[in-house]
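Structure record follows, encoded as structure tokens.
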Amino acid sequence: MSVVRREPIPNTHVMLITGRRNYVVVSDMHLGMESEYIEKGINIPYRTRDIADKIRTLLDEYDADLVLMGDIKHSITMEGAPAVKLFFRLLSNYLIHIIPGNHDGGISRLVGVNVKVHSSRGTVIENTGLFHGHATPFEYVLAAPWLVMGHLHPSVLLRDRLGVSRNMPCWLKGTWKRKKVIVMPAFNSLIRGTPVNNFSGNTGPFLKNVDFERFRVYLTDGSYLGTVKSISHLTGIQ
């Protein structure tokens, strides 16, 4: 039996699962998000090709299939459909698994024949329960020894002595009923992120039942900052 490993790829927002096959796992791409900036008068180029190129490089490097953990498109309507179609056309030579997120209504109409669309309640790949996080996972998904999700866009708000703040994406690692739980950062760098050290929002149906404050916080370079509870002072909030 193959030993399964699940590790963030250093200095990326991507997870690698290695077992009988290899899988590059990406969450929260929010393709077409640039339109939101352009509508506000901020002229930025569309980055769909760059995103596809970065992912393709990792797929080739690790000889892996791709798992997309939801919120592939940014608009909950079909406004971003051209960007999504372009992305899947650029990666048409790779096997892709999709676990739809809350932004992904109608996603099955935008993908190619190389794509398997799973339920929004998750699936299990290499003994790892994978789900986006907005919907309650299936019981068989929660029965896996490892659980990986997205949706939250976790980040850490760091402020220096001059009061200058930086919102830095992070990974969260914790446990639930003796299972290992990992919350992935958003892949799209345009996503501002949800500062876990200054958090007051909705974590979703799964995390609301988890001791979230005990989760360990890691920056994408692997630096360990402490638990969610212990780093609240980094923004001056007690």
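Could you please tell me which pairs satisfy a Cβ distance under 8 Å, a separation of 6+ or placement on different chains, a first residue in region 5-26 that is at positive phi, and a second residue that is of a type outside the set (Gly, Ala, Ser) and surrounded by fewer than 22 Cβ atoms within 10 Å (Cβ to Cβ)?
If the second residue must be of a type outside the set (Gly, Ala, Ser) and surrounded by fewer than 22 Cβ atoms within 10 Å (Cβ to Cβ), the pairs left are 11/220; 11/221.
Pairs under 7 Å by beta carbon, first residue farther than 11 Å from residue 14 by Cβ in region 51-68, partner of a type in the set (Ser, Thr, Tyr), six or more apart or different chains?
Correct list of pairs: 65/23; 65/94.
If a residue must be closer than 18 Å to residue 101 by Cα, part of a strand (DSSP E or B) and modelled with pLDDT under 95, how many such residues does region 162-197 contain?
So the answer is 1.
Checking residue 61 against (1) surrounded by 16 or more Cβ atoms within 10 Å (Cβ to Cβ); (2) of a type outside the set (S, T, N, Q); (3) closer than 24 Å to residue 114 by Cβ, only one condition comes out false. Which one?
Here residue 61 clears every test but (1).
Evaluate the following for residue 82: is it under 23 Å from residue 168 (Cβ atoms) and surrounded by fewer than 18 Cβ atoms within 10 Å (Cβ to Cβ)?
So residue 82 fails the test.
In region 167-185, is there at least one residue being farther than 17 Å from residue 27 by Cα and among the polar types (S, T, N, Q)?
yes
Mind checking which pairs have a first residue in region 30-45 that is at pLDDT below 85 and a second that is among the hydrophobic types (A, V, I, L, M, F, W, C), Cβ under 6 Å, 6 or more apart or different chains?
34/44; 37/44
Can you tell me which of 132, 153, 97, 118 is on the phi > 0 side of the Ramachandran plot and buried (at least 17 other Cβ atoms within 10 Å of the Cβ)?
153
When you go through (1) among the basic types (Lys, Arg); (2) modelled with pLDDT of 85 or more; (3) assigned to a loop (DSSP other than H, G, I, E, B) one by one for residue 208, which number turns out not to apply?
That leaves (3) as the condition not met.
Within region 73-105, track down each residue that is under 20 Å from residue 133 (Cβ atoms) and part of a loop (DSSP other than H, G, I, E, B).
Scanning region 73-105 gives 74, 75, 76, 99, 100, 101, 102, 103, 104, 105.
The values are calculated or read from the model by the stated rules, or taken from the named source; none is laboratory data. No experiment lies behind these values; they were computed from the predicted model shown. Here the Cβ is made from the backbone with ideal geometry for all residues, glycine too, and neighbour counts use every protein chain on show.
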